Each structure stands twice: as C-alpha cells, then as structure tokens.
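Peer 1: Right, I'll just put the structure down here and ask away after.
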C-alpha cells in the first residue's frame, strides 16, 4: 500500500526481511499456539521449532530494518525504474508493479521460507546437526551484518564517493552480505534433517525443502545479487585489480585468490 500511494516500489525490499519474520512467527504459532484435545501443544519438536522461528525472525528483522534505513529519503531504486519502464502502453504502473515486483517477491518469500515452515513441524533431529545449523546461521549473520555496517560506514565518507570498498570483510569477498545470506539459509535448511538412522521417508522433507537454499544460492550468485551488483562495480576505478585479488563469493584470504579460478 505504501509503495502504491507514493509510487515508489523500493519499499518492497524492506518488506522482504519483515515478511520472513512474519512467516516464521505465524508458522510457530500455527504449530504451538493452541492446545490439543489431549492437552499437548505443538506438532513437532519444540526445540527445533523455537530455533527455526527465532533464527529467522532475528535475521528478517535485522535485514528489514537495515534496508529501510538505507533507503530512507531516497527515490525509486534504479532496478525498479528499469523494470517498470517496460510496462505495456496503457497498463497502469501500480498494476504492472503488482505483476512484476510485488507478487513475484511474495512467492519467493513463501518458497524460500519452506525449510522454516517444515522445521516447526518435524520431530527432533541429531543434536550435532542442530548445533551445526546454528553455527552456520551465526556465521552468515555475522558476514551479512558486519559487511552491511562496513559498507554503510564507508559510504558515509564523502571522500569515498565512486570508490570501491576494500576494507574489512570486503577484502575477503566482494560480497560478504550475499555470502551471509547464503550461509543463513543453508543453516536453516539443516534444521529439516532427520535423526541419524531415520527411515528413508523421514528424509523427504529435507529433500523437498532443499529447493530453498538452492534457489537462494542461484539468486545470490547468478540472479539479482552478485551478477547485477558487479555490473555497476565494474565501472569504478580499480575494479580489475580488486576483482583479481578478491574472491567473488566465498571468503578467501586477501590477495591469494587463485588467478583464473572461476568465481
């Protein structure tokens, strides 16, 4: 509604993180918000359900607030300007935006969040997998939050206008925030894995929900993430030197990224 009233659709980006937080909370409430006829609560394991919901809510709220602050006082995102300029003649901008921006984003939120929706309903898995999930999620949140903070601080200095950031985590990877997203969603997916020795049927949810981290990986590396971002970065001075010494996605020690290695 805010986007339609102001004619600015960059607000959809802020809603992306908040929507995940809402879906996680709603999924947990669906599974544990009411008491069964036998007095029990919940459909799955409360530890796994609580972790899945809490980790997603923390990640989603942080991302939503960060994007909202970053876009405060700014006009339309150039990506959406280009996208909406392709509207067929006679098609109202809000209607076209609903079709190519809002609804696709909503569908992606639901699809990417399926591991969280499944995890709140599944019985307990292996303890070390649960800890691995939390560790991978924490690593991802660290890279995403710290990378975003470093970028914001770098851009706040007028002397850096038009320059490439090459400090902190940005020395280890050209996209610490995208790598962080990648790690967060693979970490959340691990919560869908069943206990060791579980029957083959118990692996069904993990196999089905793997579409979430796989899709997120594709979007971050080949879709609207790294690929599109680097189109703009490549126009800045020093890009070739920076790209030659810095990993394109996975963190790697600065200055030793193997030459010629695909990234």
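Peer 1: Between residue 111 and residue 54, 0.36 nm times their residue separation minus their Cα-Cα distance comes to what?
Peer 2: The residue 111-residue 54 span can extend by a further 18.7 nm.
Peer 1: Which FRET efficiency, nearest 0.05, do residue 95 and residue 224 yield, Cβ-Cβ r, R0 30 Å?
Peer 2: Here the calculated transfer efficiency is 0.85.
Peer 1: Okay, moving on. Rounded to two decimals, what ratio of Rg to Rh does the range 55-196 give with C-alpha atoms and a Kirkwood Rh?
Peer 2: 1.06
Peer 1: Further question: Could you give the distance between the Cα centres of the range 191-254 and the range 131-177, to the whole Å?
Peer 2: Taking the Cα centre of each part, the range 191-254 and the range 131-177 sit 16 Å apart.
Peer 1: If packing is taken as the average number of other Cβ atoms within 10 Å across a peptide's residues, how do 110-116, 186-192 rank, most packed first?
Peer 2: Result, highest mean first: 186-192, 110-116.
Peer 1: Assuming 0.36 nm per residue, please report the length gained on full extension of the stretch residue 126 to residue 244 beyond their Cα-Cα distance.
Peer 2: Value of the extension gain: 38.4 nm.
Peer 1: May I ask you to derive the relative contact order of the range 131-201, considering only C-alpha pairs under 8 Å and at least 6 residues apart, and to give it as an integer percent?
Peer 2: 53 percent
Read-outs: derived from the displayed coordinates by stated rules, not from any lab. Just so it is clear, the structure is predicted and the values come from calculations on it, not from any experiment. Every residue, glycine as well, gets a Cβ built from its backbone with ideal geometry; the counts of neighbours run over all protein chains shown.
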